[in-house]
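These notes are about the structure you will find just below.
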């Protein structure tokens, strides 16, 4: 994004919100029964040298909360539990101490799909269902983001010439000599500006963001850039984000600090700050953050469709390979035109000769659950006293 003609730069703000939230918990566990179970599953994970499936108690009757456990812990936390929506880190301490004995990361899709309030309330209910009494909760890390569309010709490294910031570290990133991102700062506060659609294609596969943006594809000669600030506990404390509900109530104030004091883009580089003016396009960014986002339940269906499409592509490739092996086995060089249905018939014939036992299929299904598990909205899970409890939690800090 070169700013040679700042008056001509026009941007369109597409979305804003919280993209990652990490909460630190002080938890009183009723007993060590959960720890014993987690240690058993962790040992199974170590035996196979990869993540291993397990289940926690669920706040919904007759259901289990699926997870994969990591073979090893990290930095004082013995057990790391991961599924599509959350990462739980649990210390081998039954009661709170000098450090939080549990950390919970709420992942991006859960925040956009459920909204931050409901996403964190689900985490609370899973902990309580596992006989944990939550004593205290504090934000440990928060990523605030805003996505905007800008003409492609303005997305270049020269953007850094106009950055006014308290940071001293600047790192541009390239793919095939084309700028894909810029990192500014490190430590307790940092910022990233990057090509979000490129990141989706190459890494995260979060194609449901297009529904959030309200577009089917990026228009020609345009870029969608995400500006994202990562704030850790010392900065969050300075900004008054002292409890979990401050994430909802004070997010706009944190954004104002990030874009108004910590990082700005202004004209006339080299002059005294009193002689420089913030670009109009950046003012739109400063004013465009709408706070914690609302729930977008349709993301669930879109994310499931993306998973299905990816798996179907893999399955189709495997089935075609199976058909090729069959033809090679039979010495067929040219069987004429073939359809996918022909290949599927070959698969159906072969599977009868290599059929898995019923218990084996069920076991494999359980192992896959955590990877694709997505919680429904609390409004669809709860009723009566549970909904009253949720409203009470939303109204107090």
Among strands (runs of 3 or more DSSP E) lying entirely in the stretch 1-95, which contain 1 or more residues that are at pLDDT 95 or above and either closer than 30 Å to residue 225 by Cα or not assigned by TED's automatic domain parsing to the domain that holds residue 159 (or both)?
12-29, 64-69, 79-82, 86-90
Subset of the stretch 96-109, residues farther than 30 Å from residue 146 by Cβ and outside any strand (DSSP E or B), comes to 96, 97, 98, 99, 101
Say whether the condition of being modelled with pLDDT of 70 or more, within 30 Å of residue 108 (Cβ to Cβ), under 36 Å from the mean Cα position of the chain (by Cα) and surrounded by 12 or more Cβ atoms within 10 Å (Cβ to Cβ) is met by at least one residue in the stretch 340-357.
no
Residues 170, 229: which one is free of Cβ contacts under 8 Å to residues at least 24 places away in the same chain and closer than 29 Å to residue 268 by Cα?
170
Within the stretch 198-209, restricting attention to residues that are touching a residue at least 12 places away in the same chain (Cβ under 8 Å) and within 15 Å of residue 108 (Cβ to Cβ), which residue is surrounded by the fewest Cβ atoms within 10 Å (Cβ to Cβ)?
204
If residue 294 satisfies all but one of (1) in a loop (DSSP other than H, G, I, E, B); (2) modelled with pLDDT under 75, what's the number of the condition it fails?
(2)
Report those helices (runs of 4 or more DSSP H) wholly inside the stretch 208-254 carrying at least 2 residues which are within 21 Å of the chain's Cα centre (by Cα) and more than 20 Å from residue 120 (Cβ to Cβ).
209-213
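Let's see how each residue does on (1) free of Cβ contacts under 8 Å to residues at least 12 places away in the same chain; (2) out of contact with any strand residue (DSSP E or B) (no Cβ under 7 Å at 6 or more places or on another chain); (3) closer than 28 Å to residue 246 by Cβ:
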residue: 10; (1), (2), (3): no, yes, no
residue: 34; (1), (2), (3): no, yes, no
residue: 54; (1), (2), (3): no, no, no
residue: 62; (1), (2), (3): yes, yes, no
residue: 65; (1), (2), (3): no, no, yes
residue: 69; (1), (2), (3): no, no, no
residue: 116; (1), (2), (3): no, no, yes
Just to be sure before I move on: is residue 150 at negative phi, in a strand (DSSP E or B), within 17 Å of the chain's Cα centre (by Cα) and surrounded by 15 or more Cβ atoms within 10 Å (Cβ to Cβ) in the structure I sent?
no
If you check 285, 332, which single one turns out to be more than 30 Å from residue 249 (Cα to Cα) and either in contact with a strand residue (DSSP E or B) (Cβ under 8 Å, 6 or more places away or on another chain) or not in a helix (DSSP H, G or I) (or both)?
332
Top-ranked residue of the stretch 157-184 - restricted to ones that are in contact with a strand residue (DSSP E or B) (Cβ under 6 Å, 6 or more places away or on another chain) and outside any strand (DSSP E or B), ranked as farthest from residue 273 (Cα to Cα):
157
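Yes/no per residue for (1) buried (at least 16 other Cβ atoms within 10 Å of the Cβ); (2) closer than 19 Å to residue 374 by Cβ; (3) not assigned by TED's automatic domain parsing to the domain that holds residue 279:
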position: 118; (1), (2), (3): yes, yes, yes
position: 124; (1), (2), (3): yes, yes, yes
position: 128; (1), (2), (3): no, no, yes
position: 133; (1), (2), (3): no, no, yes
position: 136; (1), (2), (3): no, no, yes
position: 160; (1), (2), (3): yes, no, no
Taking the condition modelled with pLDDT under 95, part of a helix (DSSP H, G or I) and over 23 Å from residue 80 (Cβ atoms), does residue 198 pass?
no
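The values are calculated or read from the model by the stated rules, or taken from the named source; none is laboratory data. Please read these numbers as outputs of a predicted model, since none were measured by experiment. Because the Cβ atoms are built from the backbone with ideal geometry, glycine has one as well, and the counts that use them run over all protein chains shown.
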